[in-house]
Amino acid sequence: MDSKKLELVVYISAVLLAIGVFLPLTELPVYGEVSYNKIASVESYFVILFAVLGPALLVLNKKRLLILAPIGVWLTLLFPALKGMFKDEDDSFLSTVTDKASSVMQEYAGDLILDLFSNLMNFSWGGFIFLLALLTFTLSAIIKTLK
């Protein structure tokens with residue numbers, strides 16, 4: 001694939017990724033259809049920021065830094081799960097109150113991203129677009145960085 005076509009793939013996948021955070025990912029029994037933005041609104045804007053960073057780096061001719069965009073997206077998506085994995089077992093009062101105050105939806109966001117590849121049948125049409133855009137953006141950015 002030549003350089004211009006690869007850049008076009010980065011642009012299109014970045015736009016689809018940014019739009020994909022607002023598309024319905026799955027359906028919860030009581031809550032209905034949920035998007036990543038509905039589950040984790042702050043994190044979704046970081047995903048959009050990193051998705052836009054990819055094409056911006058191409059425009060600024062900083063192709064070596066392009067790899068930072070998908071890394072940022074993946075770290076943002078996996079942050080709730082990573083935070084839960086490295087959480088120490090502190091039983092202090094402050095820790096208990098802080099744990100109670102954490103958002104149930106943000107915990108679900110981390111679980112949803114970890115289950116992304118194992119439970120594809122539970123995804124809505126927006127989840128498939130989000131997944132396809134995420135993988136395409138990641139692969140095209142890696143290839144473009146290495147070229």
**Request:** Give segment 46-57 a look and list any residue that's more than 15 Å from Leu77 (Cα to Cα) and open to solvent by 10 Å² or more (accessible area, probe 1.4 Å), or say none.
**Result:** Val52, Leu53, Pro55, Ala56, Leu57
**Asked** How many residues, within segment 1-33, are closer than 19 Å to Phe128 by Cα, in a loop (DSSP other than H, G, I, E, B) and of a type in the set (Phe, Trp, Tyr)?
**Response** 1
**Prompt:** How many residues does segment 10-45 contain that are open to solvent by 30 Å² or more (accessible area, probe 1.4 Å) and either among the basic types (Lys, Arg) or closer than 18 Å to Ala56 by Cβ (or both)?
**Reply:** 7
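Regarding Leu134, is this residue under 25 Å from Glu33 (Cα atoms), modelled with pLDDT of 60 or more and surrounded by 17 or more Cβ atoms within 10 Å (Cβ to Cβ)? Can you show your working first?
Working: under 25 Å from Glu33 (Cα atoms): yes; modelled with pLDDT of 60 or more: yes; surrounded by 17 or more Cβ atoms within 10 Å (Cβ to Cβ): yes.
Criteria met by Leu134.
The values are calculated or read from the model by the stated rules, or taken from the named source; none is laboratory data. Values in this document were obtained by computation on a predicted structure and should not be read as measured data. So basically every Cβ, Gly included, is an ideal-geometry build from the backbone, and we count neighbours across all protein chains shown. For the accessible areas, the whole protein counts, side chains as well, though only heavy atoms, and no ligand, DNA or RNA atoms are used. Shrake-Rupley method; radii C 1.70, N 1.55, O 1.52, S 1.80 Å.
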